[in-house]
Amino acid sequence: MTYDADNIFARILRGEIPCHRVHEDADTLAFMDIMPQTEGHTLVIPKASAEDIFSAPPAVLAATMQATQRIAAAVRKAFDAPGVMIAQLNGPAAGQTVFHLHFHVIPRYAGKDFRMKSGPMADQATLAAHAARIRAAL
């Protein structure tokens, strides 16, 4: 596949589509998933154009993983989560639907079943409040 510069994450990076930003640095952006699997579900993406883990240069992967680690610690703290799941999907067969490299940071709790799926769109005020909690925990 060829990278699609009009994918939703590329459009978010260009400021064409709004998002609830959690963190941004020179190489990455973290923001709330609009169809969260749990409260606090956050996405971390590189600013570089990379479709998946196979097309991203090692330096892009390193910067994105460092940001993912930092965001995961903040999500765990902000939502008092005993566990955090990091998910990264590559290709349609793996469930990837947005073809820009991204990591899901998902708080997890004992006794709560979980399956990766597309959920309903979350309330924007709720997402804004969740983003503020994570920013405060950074």
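The values are calculated or read from the model by the stated rules, or taken from the named source; none is laboratory data. Everything quoted here is computed from the prediction, not taken from an experiment. Here the Cβ is made from the backbone with ideal geometry for all residues, glycine too, and neighbour counts use every protein chain on show.
Contact annotation: residue pairs with Cβ atoms under 9 Å, 6 or more positions apart or on different chains, pairing a residue in the range 118-138 that is farther than 21 Å from residue 73 by Cβ with a partner that is at pLDDT 90 or above and loosely packed, with under 13 Cβ neighbours inside 10 Å, are 118/35; 118/97; 119/35; 120/35; 121/35; 122/35; 124/18. Cβ-Cβ contacts under 7 Å between residues 6 or more apart (or on different chains), taken from a first residue in the range 73-99 that is within 21 Å of residue 130 (Cα to Cα) to a second residue that is among the hydroxyl-bearing types (Ser, Thr, Tyr) and at pLDDT 95 or above, are listed as 75/42; 86/68.
What tally of residues in the range 35-65 results from selecting those that are within 13 Å of the chain's Cα centre (by Cα) and modelled with pLDDT of 95 or more? Residues that pass the stated criteria total 10. Residue count for the range 111-138 under the criterion of being at pLDDT below 90 and small (Gly, Ala, Ser): the result is 4. Total residues in the range 14-52 satisfying the condition of being outside any loop (DSSP other than H, G, I, E, B), of a type outside the set (Val, Ile, Thr) and crowded, with 20+ Cβ neighbours inside 10 Å: the figure is 6. Selection within the range 53-73: residues that are closer than 17 Å to residue 87 by Cβ and among the hydroxyl-bearing types (Ser, Thr, Tyr). The member of this set that is surrounded by the most Cβ atoms within 10 Å (Cβ to Cβ) is 64.
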